[in-house]
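Visitor: The structure under discussion is supplied below as structure tokens; questions concerning it will follow.
The values are calculated or read from the model by the stated rules, or taken from the named source; none is laboratory data. Because the structure is a prediction, the values reported are computed rather than measured. Reconstructed Cβ throughout: ideal geometry from the backbone, glycine too, with neighbour counts over all protein chains shown. SASA here: full protein model, heavy atoms, side chains in, ligands and nucleic acids out. Shrake-Rupley method; radii C 1.70, N 1.55, O 1.52, S 1.80 Å.
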Amino acid sequence: SSGCSGKDLTAIRAAEKAASAVAGSALTTLQTEFKVINLLSKYPRFQAKWLSDPNFRKDYYAWYNWTESDFKQMVSGFAANTYEVQCECNCWERPKGTWAYVDDPKGWFALYGIHFCPLFFKDTAKNQVKHFLHESSHLFANTEDLALGGGRPWVDNADDAYFYGDIG
């Protein structure tokens, strides 16, 4: 950790621990409650769409597999703990309203990392977890900022960092 006070590091580690737990729980929920067999028996509208629309089936499998893969990568990434965290005094080079961002490695020996901006530390603990999930999805699952809000095209939500942040 670079540039972080003890208080900042405590906030980061608390958000990290909670985000890791949320990712693990979400993976378990996905693998149980979102299995097709469970959805077909619980939701008549899902069953009707499933049976009548082959594109829906294809899209659902694509979303499920992509989302499961992303959650597995996030859970593994948290467990490996091979990323850096850095506190920034300011984030003037970033768009206004940036809480945190991911920095790609720039050389052979550089590690991926999450940079935390001053806004992160002014936010609530619950929102810090959401921000950590969002940034960790970039870091571990290579997601993008699509800001689909769970809407269409819903298959692409599996590639939306905001989708993972909203789970927190």
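Visitor: Taking segment 92-106 as the search range and keeping residues that are in contact with a helix residue (DSSP H, G or I) (Cβ under 9 Å, 6 or more places away or on another chain) and assigned to a loop (DSSP other than H, G, I, E, B), which one is modelled with the highest pLDDT?
Guide: Result: Trp99.
Visitor: Then there is this: Any idea which residue in segment 22-46 is nearest to Asp123 (Cα to Cα), counting only those that are within 16 Å of the chain's Cα centre (by Cα) and exposed (fewer than 14 other Cβ atoms within 10 Å of the Cβ)?
Guide: Among residues in segment 22-46 that are within 16 Å of the chain's Cα centre (by Cα) and exposed (fewer than 14 other Cβ atoms within 10 Å of the Cβ), the one nearest to Asp123 (Cα to Cα) is Ser25.
Visitor: Can you name every residue in segment 121-135 that is touching a strand residue (DSSP E or B) at 6+ places or on another chain (Cβ under 9 Å), among the hydrophobic types (A, V, I, L, M, F, W, C) and within 17 Å of Ser25 (Cβ to Cβ)?
Guide: Across segment 121-135, the qualifying residue is only Phe132.
Visitor: A further question on this structure: In segment 54-66, is there at least one residue being under 21 Å from Phe163 (Cβ atoms) and under 13 Å from the mean Cα position of the chain (by Cα)?
Guide: Within segment 54-66, one or more residues are under 21 Å from Phe163 (Cβ atoms) and under 13 Å from the mean Cα position of the chain (by Cα).
Visitor: Mind checking which residues of segment 47-67 are among the aliphatic types (A, V, I, L, M), open to solvent by less than 80 Å² (accessible area, probe 1.4 Å) and farther than 21 Å from Leu30 by Cβ?
Guide: Ala48
Visitor: While we're on this one: Can you tell me which residue in segment 132-168 is modelled with the lowest pLDDT, limited to those that are open to solvent by 30 Å² or more (accessible area, probe 1.4 Å), over 16 Å from Ser69 (Cβ atoms) and in a helix (DSSP H, G or I)?
Guide: Only one residue tops the list, namely Trp154.
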